[in-house]
Amino acid sequence: MELATALHADLDIIVCRKLALPMNPEGGLGAVADDGTSILNEEVILKDGISRDQIEYESNQIKLNVKQRSLKYKGETPPLSLAGKVAIVVDDGLASGITMTVAVEAVKHRRPKEIVVAVPVASATGFRRVSSVARVITCAVASMPKYYLADFYRNWRDISDQEVIHSLEQWRQRHRF
């Protein structure tokens, strides 16, 4: 929201979630966006021997969660038109990059002129993955064996749904949406 305010730009939200590995919730076997776009990480699926039943189970759970969150955050508000515009997709960082990749693919369906991903930090893997689908701007690219976004923040915590809803309501009030 701060970036949109600083740039005097419109704000929209894309709800995406990682499809977690069955025995390692930090790892991702893919991701889903609120418009139905999904990506599977076939390399991880093959390496970890994930069955199609496991993928379908996890995918169904996450799709339901994404749909519920999208309704909470956006209601029935249609997505902004991005045709011919520069879309800047912002997140707190890139670990594997799979969730941002699905966000970029969802944005592509809306036909922007260009997609820029802006993140404060990225793993080398995440940076490479997302750079293959969009221009990435970041302050730091880290290549460490175990990469956790939380390691780059003094105070790391998940933001609650209520905090997101409150922030979006404040934005709408300030910008008369």
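Annotations
- ASP34 vs. criteria in contact with a helix residue (DSSP H, G or I) (Cβ under 7 Å, 6 or more places away or on another chain), within 14 Å of CYS16 (Cβ to Cβ) and crowded, with 21+ Cβ neighbours inside 10 Å: yes
- Candidate set: segment 148-172, residues that are within 25 Å of THR125 (Cβ to Cβ) and charged (D, E, K, R); chosen: the one nearest to the chain's Cα centre (by Cα): ASP158
- Residue list for segment 119-157, restricted to those being touching a strand residue (DSSP E or B) at 6+ places or on another chain (Cβ under 7 Å) and under 15 Å from VAL102 (Cα atoms): GLY126, PHE127, VAL130, ALA134, ARG135, VAL136
- Each residue in segment 21-34 was checked for being modelled with pLDDT of 90 or more and out of contact with any Asp or Glu (no Cβ under 9 Å at 6 or more places or on another chain), and 3 pass.
- Filter pass, SER123 being of a type in the set (S, T, N, Q) and within 17 Å of the chain's Cα centre (by Cα): yes
- Residues of segment 21-34 classified as part of a loop (DSSP other than H, G, I, E, B) and either touching a Pro at 6+ places or on another chain (Cβ under 8 Å) or over 25 Å from GLU163 (Cα atoms) (or both), total: 2
- Contacts under 8 angstrom Cβ, first residue in segment 59-79 being among the aromatic types (Phe, Trp, Tyr), partner part of a helix (DSSP H, G or I), 6 or more apart: TYR73/ASP161; TYR73/VAL164; TYR73/ILE165; TYR73/LEU168
- In segment 120-174, the residue that is modelled with the lowest pLDDT out of those that are exposed (fewer than 14 other Cβ atoms within 10 Å of the Cβ) and among the basic types (Lys, Arg) is LYS146.
- Hey, VAL164 of a type outside the set (S, T, N, Q) and out of contact with any strand residue (DSSP E or B) (no Cβ under 7 Å at 6 or more places or on another chain) or not: yes
Yes/no per residue for (1) at pLDDT below 90; (2) outside any helix (DSSP H, G or I); (3) more than 19 Å from the chain's Cα centre (by Cα); (4) within 18 Å of LEU80 (Cβ to Cβ):
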| site | (1), (2), (3), (4) |
| --- | --- |
| LEU19 | no, yes, no, no |
| GLY36 | no, yes, no, yes |
| LYS47 | yes, no, yes, no |
| SER59 | no, no, no, no |
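- The C-beta contact set for segment 20-46 (first residue farther than 17 Å from MET100 by Cβ, second residue assigned to a strand (DSSP E or B) and modelled with pLDDT under 95, distance under 6 angstrom, 6+ apart or interchain) comprises LEU21/GLY27; LEU21/LEU29; ILE45/LEU29.
- Residues that are surrounded by 13 or more Cβ atoms within 10 Å (Cβ to Cβ) and over 16 Å from ILE14 (Cβ atoms) within segment 58-92 comprise GLU58, SER59, GLN61, listed in sequence order.
The values are calculated or read from the model by the stated rules, or taken from the named source; none is laboratory data. Quantities reported herein were computed from a predicted structural model and do not represent experimental measurements. Note: ideal-geometry Cβ built from the backbone for every residue, glycine included; neighbour counts use all protein chains shown.
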